[in-house]
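The values are calculated or read from the model by the stated rules, or taken from the named source; none is laboratory data. Everything quoted here is computed from the prediction, not taken from an experiment. Virtual Cβ from ideal backbone geometry, glycine too; neighbours counted across all protein chains shown.
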2 protein chains.
Amino acid sequence: MTIFLDDHLSIDWTAVRFDNQKLTLTRKEFELLAMLSQNEGETMPRTVLLETVWGYRIGTRTRTLDVHIRRLRRKLGRFGEEYIQTIFGVGYRFVRLRAARPLQLSSPAAFAIGA
Amino acid sequence: MTIFLDDHLSIDWTAVRFDNQKLTLTRKEFELLAMLSQNEGETMPRTVLLETVWGYRIGTRTRTLDVHIRRLRRKLGRFGEEYIQTIFGVGYRFVRLRAARPLQLSSPAAFAIGA
DNA sequence: TCCAGGTTGTAAAAATCTTGTAAAAGTCGT
DNA sequence: ACGACTTTTACAAGATTTTTACAACCTGGA
């Protein structure tokens with residue numbers, strides 16, 4: 001994932017809004033959540049997440065993805081488990097609950113997330 | 001940031017007013033604070049600050065930015081840490097506390113004279 | 001159904017990376 | 001050379017990320 005910065009604009013991980021509340025995310029947490037929410041409704045295989053967010057190759061033995069998922073779920077609040085579902089043996093899937101817009105990445109100029 | 005000096009004008013960094021008190025800043029401190037306060041509310045990446053204030057290119061290994069931030073914070077007084085926030089892994093962000101106007105740089109002459 | 005073997009959850013430790021800080025060293029103008 | 005300012009150095013403190021170790025949990029086949 002690439003993040004483009006304008007000379008006078010900057011990303012502030014601290015300022016992500018989610019479901020009407022501010023989320024204080026770390027960089028990796030942000031990238032992971034972005035990855036998931038941008039593919040809302042789709043199951044993202046562990047291999048893909050590890051590849052895109054961490055650059056890990058298939059076969060790498062690590063539990064860091066699980067740990068990050070856990071921290072994200074906690075930060076998402078009471079419905080963390082529902083927002084980020086576990087697809088056993090495959091990966092994770094982000095779903096929108098109610099009418100909440102998952103991640104407000106709004107102004108394109110502020111920061112563009114490249115696939 | 002570039003500061004233009006007229007032959008007949010001398011800038012007196014001593015005369016910067018901040019939050020109802022006079023600040024005695026050095027040139028670099030002033031430029032850094034100006035940079036930050038002019039982008040109030042935005043996170044200014046270290047790379048940008050180092051580029052604009054120091055002319056350093058990305059990758060330069062230096063701690064001079066941190067040192068200047070520290071001195072600024074001290075001079076800003078009791079709330080230095082709150083005025084200049086650290087955005088971990090990115091840079092710094094200046095925020096206005098209460099109704100205080102951070103730095104009056106508006107009209108070019110405004111800060112030229114120590115009055 | 002129940003078990004075995006792989007998969008995921010989790011807390012806590014360890015490792016890594018970033019920022020804070022004091023003090024020394026270097027620079028520049030007068 | 002002196003004084004004021006700036007930068008570097010070297011380490012401390014802090015934040016984030018990864019690993020470890022084990023518990024809990026699926027799921028397919030006996």
| task | Go through B:L36, B:L50 for me and flag whichever is buried (at least 18 other Cβ atoms within 10 Å of the Cβ) and away from DNA strand D (no atom under 13 Å from the Cβ). | result | B:L36
| request: Kindly provide the set of residues from segment B:75-115 that are at pLDDT 95 or above and within 14 Å of B:E29 (Cβ to Cβ), ordered by number. | output: B:I84, B:Y92
| From A:R78, A:R57, A:R63, A:R70, which residue is of a type outside the set (A, V, I, L, M, F, W, C) and under 13 Å from the mean Cα position of the chain (by Cα)? | A:R70
| remark: Within segment B:37-73, the count of residues that are charged (D, E, K, R), without any contact (Cβ under 8 Å) to a residue 60 or more places away in the chain and away from DNA strand C (no atom under 13 Å from the Cβ) comes to 3
